[in-house]
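What follows is calculated from the coordinates using simple rules that are stated; it is not laboratory data. Keep in mind that what you see is a predicted model, and the values were worked out from it rather than measured. All Cβ positions, glycine included, derive from the backbone under ideal geometry; neighbour counts span all protein chains shown.
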């Protein structure tokens with residue numbers, strides 16, 4: 001049942017989820033339905049729990065917000081010198097705030113080093 005690595009996540013529509021849930025509610029086991037649609041049985045059971053608690057609308061995929069600050073950490077090509085300076089100014093403000101809080105961020109931002 002395991003998926004191959006580096007395969008992108010699959011998103012099931014509300015209709016597909018309802019079809020699988022109805023098959024389980026009609027008597028087929030969650031393992032059989034999972035094997036039939038190549039989904040984990042735990043995922044189907046969690047959809048059933050959501051459906052029983054909150055109804056059909058709980059099965060809709062929700063849009064998740066991104067990181068609002070990420071636009072300031074991406075290498076960009078600027079159309080004007082003014083945009084470049086605004087970007088540099090924002091980056092320095094963020095760095096300054098981090099220094100005030102007492103830590104430095106190295107590399108891509110995943111390594112945090114606390115000042116002594």
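Note on the stretch 8-47: residues that are outside any helix (DSSP H, G or I) and under 15 Å from residue 60 (Cβ atoms) total 3.
The number of residues in the stretch 47-60 that are within 18 Å of the chain's Cα centre (by Cα) and loosely packed, with under 15 Cβ neighbours inside 10 Å comes to 1.
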